[in-house]
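Novice: There's a structure below that I have some questions on.
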Amino acid sequence: MEIIAIANQKGGVGKTTTAVNLTASLAAKRKHVLLIDLDPQGNATSGTGVDKNELMLTIADVLLDGVALSEAIVTSPAGFDVIGANRDLAGMDITLMSKTDSHELFKTAMKNLVDAQTSSQQPPYDYVIIDCAPSLNLLTINALVATDSVIIPMQCEYYALEGLADLSQTIERLTELNPKLYIRGVVRTLFDARNTLARDVSAELEAHFGDIMYKTHIPRNIRLAEAPAHGLPVIAYERWSKGARAYQKLAAEVMKQSS
Ligand SMILES: Nc1ncnc2c1ncn2[C@@H]1O[C@H](COP(=O)(O)OP(=O)(O)OP(=O)(O)O)[C@@H](O)[C@H]1O
Ligand SMILES: [Mg+2]
């Protein structure tokens, strides 16, 4: 089982779109995948067609009340497993802080899930994908402490370069809490190849990150923006759209890293 957090403290760069569509594309390649929403906005939850306001149990119950992760799993209409989030998670930072090992709650829950699956001889997940909020709060720290690696979605615009130092520093700092943490890859999102600035920033990212840049560029594609309104990953909404094909290529790259 590989845990991958999708993180970038910058907002609106395509984290959730990547989390949902990478999960769906891995599932389409017959991988057993679990998507976990760690953002109070609950976008990954609703984007997979799960009604975030009707959930019996969310990730908030896991972190606050010690409910087992396995109990909070629901099957999305698209067919893969999801642990949802909603507003119940908002403001939890402060509540969590009062707990001992507040930064390790999610890691412990993940470990318990693996143990439970092993003892009940359930098939383990191949991948667990975590959608993070656009901030470095205690929830994101919990994700980065529990995960094996991070995928960073980046929009190729000037501010992405400004945020680079912050991001690298953050991950560097977190290796103290999670020594195995590494950047699995950086994926260019909302990409428009006709835009000169996008091409320039893309080249700078390549110079900075080198081999860990994914070759797949996710284009700006209207189908990717429309699909969540239908509660579907793009692969189930418009299978042959540019966006769907790009995320399938990205999933193939991610799987190749595992082999
Ligand atoms: N490749 C794309 N083409 C077109 N629209 C996109 C694409 N990627 C994301 N979007 C749209 O851009 C907006 C932001 O994307 P998304 O929610 O995935 O970003 P995010 O990083 O998760 O945001 P937040 O930081 O708020 O969690 C959404 O409306 C989404 O539908
Ligand atoms: Mg998001």
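Novice: Rounded to the nearest Å, what's the spacing between the alpha carbon centres of segment 141-161 and segment 202-244? Just the number, please.
Specialist: Their Cα centres are 15 Å away from one another.
Novice: Which order do the peptides 4-15, 64-75, 111-122 come out in when sorted by mean C-beta neighbours inside 10 angstrom, highest first?
Specialist: 4-15, 64-75, 111-122
Novice: Something else now. How far apart, in nm, are two points set 7 Å out from the Cα along the Cα-to-Cβ line at Lys242 and at Ser102?
Specialist: With each label placed 7 Å out from Cα toward Cβ, I get 4.5 nm.
Novice: Per DSSP H run of n ≥ 4, the term is -39500 (n - 2.57); total these for the chain, divide by its residue number, and report the mean residue ellipticity at 222 nm rounded to 500 deg cm²/dmol. Walk me through the intermediate numbers first.
Specialist: Working: 11 runs with 113 residues, N = 259.
Counting only the DSSP helices, I get -13000 deg cm²/dmol.
Novice: Moving to a separate point now. Please compute the modelled spin-label separation between Arg223 and His208, points set 7 Å along Cα→Cβ, answer in nm with one decimal.
Specialist: Taking the simple label geometry, His208 and Arg223 are separated by 3.1 nm.
Novice: Follow-up. How far, in nm, would the chain grow between Asp93 and Asn112 when pulled straight, counting 0.36 nm per residue and subtracting the alpha carbon separation?
Specialist: 4.6 nm
Novice: Treat each spin label as a single point 7 Å out from the Cα along the C-beta direction, and report the Tyr159 to Arg30 distance in nm.
Specialist: With each label placed 7 Å out from Cα toward Cβ, I get 4.4 nm.
Novice: First compute the accessible area of the chain with a 1.4 Å probe, then give the percent of it belonging to carbon and sulfur atoms.
Specialist: 50
Novice: Another question, if that's okay. At a Förster distance of 25 Å, what's the computed FRET efficiency of Arg199 paired with Asp166, Cβ-Cβ distance as r, to 0.05?
Specialist: Plugging the Cβ-Cβ distance into 1/(1 + (r/R0)^6) gives 0.60.
Novice: Sticking with this structure for a sec: Using bins 5 angstrom wide from zero, how does P(r) for segment 1-63 break down, in % of all Cα pairs?
Specialist: Percent of pairs per bin, in order: 3, 16, 27, 24, 20, 9, 0.
Novice: With only alpha-carbon atoms in the gyration tensor, what are the semi-axes of the equivalent ellipsoid for the chain, in Å, largest first? Walk me through the intermediate numbers first.
Specialist: Numbers: eigenvalues 148, 92, 58 Å².
Three semi-axes, in Å: 27, 21, 17.
Novice: Give the lysines whose C-alpha is closer than 19 Å to that of Lys31, dropping any in the same chain fewer than 8 places away, or say none.
Specialist: The qualifying lysines are Lys249, Lys256.
The values are calculated or read from the model by the stated rules, or taken from the named source; none is laboratory data. Just so we're clear, the structure is a prediction, and the values are computed from it rather than from any experiment. Every residue, glycine among them, receives a Cβ derived from its backbone with ideal geometry; neighbour counts consider all protein chains shown. We work out accessible area using only protein heavy atoms, side chains counted, and drop any ligands, DNA or RNA first. Shrake-Rupley method; radii C 1.70, N 1.55, O 1.52, S 1.80 Å.
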